[in-house]
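Trainee: Pasting a structure here, questions to come.
The values are calculated or read from the model by the stated rules, or taken from the named source; none is laboratory data. Not measured: the values here are computed from a predicted model. So basically every Cβ, Gly included, is an ideal-geometry build from the backbone, and we count neighbours across all protein chains shown.
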Amino acid sequence: MKCNGCRSDKRIPFCDTCKLYPCAEEKGIDFCGECDEYPCDELKEFQSLAPHRFELWEAQEQIKTKGYEKWMDEMKDYYSCDKCGTINSAYDFQCRSCKAKPGNEYTKKYRKKIMEFLAKQPLDLKKE
């Protein structure tokens, strides 16, 4: 599966039932951290469901203090391979291009927790 983010045209089926993006749109905000109700129960549940969301709270704070553009630049570096610069996902334990390990700083930091999460998933989810 490939998702380019909440505001993109390329999203996963889960997004069809997501309440967060429509909520932000309705309130006229760009990020949940800008909301008066932050963090709401919906966001807390969303954060708890998958390993690539471990740093959601830190991300919201950084977006607020640094601005979206600076935060995004830092995330590109954070998720890039140290050897070749390829941007990898939170689930890439080795680089998609050069096969260096780890694939990025995120997987280096959370490898054990990500592996524990994946071990609990149905087989059909592990293939995607």
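Trainee: Restricting to the range 58-69, name every residue that is part of a helix (DSSP H, G or I) and more than 11 Å from the chain's Cα centre (by Cα).
Mentor: E58, Q60, E61, Q62, I63, K64, T65, K66, Y68, E69
Trainee: Okay, next question. Mind checking which residues of the range 1-20 are of a type in the set (A, V, I, L, M, F, W, C) and assigned to a loop (DSSP other than H, G, I, E, B)?
Mentor: Correct list: M1, C3, C6, I12, C18.
Trainee: So, one more: I'd like the residue in the range 69-119 that is closer than 15 Å to R53 by Cα and among the aromatic types (F, W, Y) and, out of all such residues, is surrounded by the most Cβ atoms within 10 Å (Cβ to Cβ).
Mentor: Among those that are closer than 15 Å to R53 by Cα and among the aromatic types (F, W, Y), it is Y106.
Trainee: What's the number of the only condition in (1) farther than 24 Å from F117 by Cβ; (2) without any contact (Cβ under 8 Å) to a residue 12 or more places away in the chain; (3) aromatic (F, W, Y) that F14 fails to meet?
Mentor: Here F14 clears every test but (1).
Trainee: Need pairs with beta-carbon distance below 6 Å; first residue at positive phi and within the range 55-69, second outside any helix (DSSP H, G or I) and surrounded by 15 or more Cβ atoms within 10 Å (Cβ to Cβ); sequence gap 6+ or separate chains.
Mentor: Partner pairs satisfying both residue conditions: none exist.
Trainee: Residues in the range 78-85: is at least one at pLDDT 95 or above and assigned to a helix (DSSP H, G or I)?
Mentor: The answer is yes; a qualifying residue exists.
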